[in-house]
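Working notes, structure below.
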Amino acid sequence: MVRVKICGITKLADALQAVEAGADALGFIFVPRTPRYVDPGEAAAIIRALPPFVLPVGVFWDHAPDEVRAIAEMCGFGALQFHGEEPPEYVAQFRQRVIIKTVKVKDEMSLHGLSEYRASAFLLDSPARWSEGEPRPPFSWELAQRLAREHRVILSGGLQPETVAEAIRLVNPYAVDVNSGVETVPGRKDPEKVRQFIRRAKEFE
């Protein structure tokens, strides 16, 4: 069964609703001046309130390594997601942790050189920097399908409750990740969309 990560968590109520709906992981974004930024102290409080066996993931974008370590220590993340242009040598500093490296999939060249990263999984996202609430166009699922044969892939970028089952059928990813596709406004989740997304992802075989 495919795993599901709900990203862009900013409120405890959204986190608990996602967990109740069956989310396996929750993402907390620490990129200032973006729509889903969460203060590290607030993220730590949310994470402390989570039940066991839910994976909290810290999402960073070209942060200074010491800042990553400080926030990770404060929040107690189960995994770190590097969403920027971090090179392999940067990611290697955190090899004692579970690492997710984001790949912005523009074309075939976007997938070159991934073997240099010592990552537990690759999250495939659309090239857009972030969404302000508008739907994000998905990238080529054919490219994702090829990468999923060689690596553990987390499929993201434009997924919605209406499209997630078809995406899983075509790509066969390890997990799927959704953010703006289940929101009412940037940073706030729609409980019904979250339930639909998780149900359709986990029901697919």
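The values are calculated or read from the model by the stated rules, or taken from the named source; none is laboratory data. Computed from a predicted model, the values in this text were never measured in an experiment. A quick note on method: Cβ atoms are made from the backbone with ideal geometry, for glycine too, and the neighbour counts reach across all protein chains shown.
Brief remarks on what is shown
- Looking only at residues of segment 48-92 that are in contact with a Gly (Cβ under 6 Å, 6 or more places away or on another chain) and aromatic (Phe, Trp, Tyr), we find that the one that is surrounded by the most Cβ atoms within 10 Å (Cβ to Cβ) is Phe77.
- Residue match in segment 24-31 (condition: crowded, with 18+ Cβ neighbours inside 10 Å, under 22 Å from Thr184 (Cβ atoms) and modelled with pLDDT under 95): yes
- Every residue from segment 1-51 that is free of Cβ contacts under 8 Å to residues at least 24 places away in the same chain and aliphatic (A, V, I, L, M): Ala13
- Looking across segment 194-205, the residues that are more than 9 Å from Val2 (Cα to Cα) and surrounded by 17 or more Cβ atoms within 10 Å (Cβ to Cβ) come down to Val194, Arg195, Gln196, Phe197, Ile198, Arg200.
- In segment 153-185, residue surrounded by the most Cβ atoms within 10 Å (Cβ to Cβ) [restricted to those that are touching a residue at least 60 places away in the same chain (Cβ under 8 Å) and out of contact with any helix residue (DSSP H, G or I) (no Cβ under 7 Å at 6 or more places or on another chain)]: Ile154
- Any hit, segment 107-114, residues being hydroxyl-bearing (Ser, Thr, Tyr), under 27 Å from Ala165 (Cβ atoms) and at pLDDT below 95: yes
- Where a residue in segment 189-204 is closer than 12 Å to Val19 by Cβ and its partner, wherever it lies, is surrounded by fewer than 18 Cβ atoms within 10 Å (Cβ to Cβ), with Cβ under 7 Å and at least six apart: Ile198/Gly22
Condition check ((1) over 16 Å from Cys7 (Cβ atoms); (2) out of contact with any Leu (no Cβ under 6 Å at 6 or more places or on another chain); (3) assigned to a strand (DSSP E or B)) across all residues:
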position: Ala44; (1), (2), (3): yes, yes, no
position: Leu50; (1), (2), (3): no, yes, no
position: His63; (1), (2), (3): yes, yes, no
position: Arg69; (1), (2), (3): yes, yes, no
position: Phe77; (1), (2), (3): no, yes, no
position: Gly84; (1), (2), (3): no, yes, no
position: Ala92; (1), (2), (3): yes, yes, no
position: Val103; (1), (2), (3): no, no, yes
position: Pro127; (1), (2), (3): yes, yes, no
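- Residue satisfying all of: in segment 140-165; part of a helix (DSSP H, G or I) and at pLDDT 95 or above; farthest from Lys5 (Cα to Cα) among these: Ala165
- Among the residues listed as Ala18, Ala70, Ala79, Ala44, the single one being within 26 Å of Arg146 (Cα to Cα) and hydrophobic (A, V, I, L, M, F, W, C): Ala79
- The set of residues in segment 1-23 being in contact with a strand residue (DSSP E or B) (Cβ under 9 Å, 6 or more places away or on another chain) and either at pLDDT below 95 or assigned to a strand (DSSP E or B) (or both) consists of Arg3, Val4, Lys5, Ile6.
- Lone unmet requirement of (1) out of contact with any Phe, Trp or Tyr (no Cβ under 8 Å at 6 or more places or on another chain); (2) within 22 Å of Leu80 (Cα to Cα); (3) assigned to a loop (DSSP other than H, G, I, E, B) for Phe122: (3)
- The single condition among (1) part of a loop (DSSP other than H, G, I, E, B); (2) of a type outside the set (D, E, K, R); (3) farther than 21 Å from Trp61 by Cα that Gln96 does not satisfy is (3).
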